[in-house]
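Colleague: My questions will all concern the structure given below.
The values are calculated or read from the model by the stated rules, or taken from the named source; none is laboratory data. Keep in mind it's a predicted model, so treat the numbers as computed, not measured. Cβ coordinates were reconstructed from backbone atoms using ideal geometry, including for glycine residues, and neighbour counts include every protein chain displayed. Note: areas computed on protein heavy atoms with side chains; ligands, DNA, RNA excluded. Shrake-Rupley method; radii C 1.70, N 1.55, O 1.52, S 1.80 Å.
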Amino acid sequence: MTSLDPVVIREALAGYQAANDVIEAERREQLAQTTSAESWAQWREMVSSYNIEVDWPVDIDRLDLWEVEGLLVIRRAMDLLAESQGFI
């Protein structure tokens, strides 16, 4: 079994942190320059790939309610993601 060199591990972790800092700064800069329309387009593209097999309700009121519930689930997931990433 080989032992790990603590100095090498610290240097590697410091390198990862430096890379993360650069990536985060680039993301923040890009987000600051993103228009509302671009933001909505990105969001629509992201959620458009989410498919779920369900039994579709037959009346329009139930369909509207189902759609609202689905949007609320997505909103809660996005809020949790944003919070975990430190955006809110």
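Colleague: Want the number for GLU26 to SER84: 0.36 nm per residue separation, take away the alpha-carbon distance, what's left? Before the final figure, lay out each step's value.
Modeller: On the way: separation 58, 0.36 × 58 = 20.88 nm, distance 1.81 nm.
That works out to 19.1 nm of additional length.
Colleague: Let me ask something additional. Got a sec? What order do ILE23, ILE74 fall in by accessible area at 1.4 Å, biggest, i.e. largest, first?
Modeller: On the way: ILE23 75, ILE74 45 Å².
Final ranking, largest accessible area leading: ILE23, ILE74.
Colleague: Say the dipole of the chain comes from +1 at the beta carbon of Lys and Arg and -1 at that of Asp and Glu; which of ALA41, VAL68, ASN20 then lies farthest toward its positive end?
Modeller: So the residue we want is ASN20.
Colleague: Compute the angle between helix 6-33 and the longest alpha-carbon principal axis of the chain, please, reported from 0 to 90 degrees and rounded to the nearest 10.
Modeller: Once rounded, the angle reads 40 degrees.
Colleague: Give the shape of the chain as rounded, prolate or oblate, defined through the alpha-carbon gyration tensor: a ≥ b ≥ c are the square roots of its eigenvalues, a/c under 1.5 means rounded, and otherwise the shape is prolate if a/b is larger than b/c and oblate if not. Spell out each step's value before the answer.
Modeller: Values: a/c = 3.87, a/b = 2.06, b/c = 1.88.
In terms of gyration-tensor shape, prolate.
Colleague: Between GLU69 and SER48, 0.36 nm times their residue separation minus their Cα-Cα distance comes to what? List each step's numbers first, then the result.
Modeller: Working: separation 21, 0.36 × 21 = 7.56 nm, distance 1.63 nm.
Gain on stretching GLU69 to SER48: 5.9 nm.
Colleague: Might you report the magnitude of the Cβ-based charge dipole of the chain about its Cα centre, with Lys and Arg at +1 and Asp and Glu at -1, to the nearest 20 debye? Mind showing how you got there, number by number?
Modeller: Numbers: 7 positive and 17 negative charges, 62 e Å.
With Lys and Arg at +1 and Asp and Glu at -1, about 300 debye.
Colleague: Probe radius 1.4 Å, ligands and nucleic acids ignored: give me the carbon and sulfur share of the accessible area of the chain as a rounded percent.
Modeller: Working: 4810 of 8180 Å².
Carbon plus sulfur share of accessible area: 59 percent.
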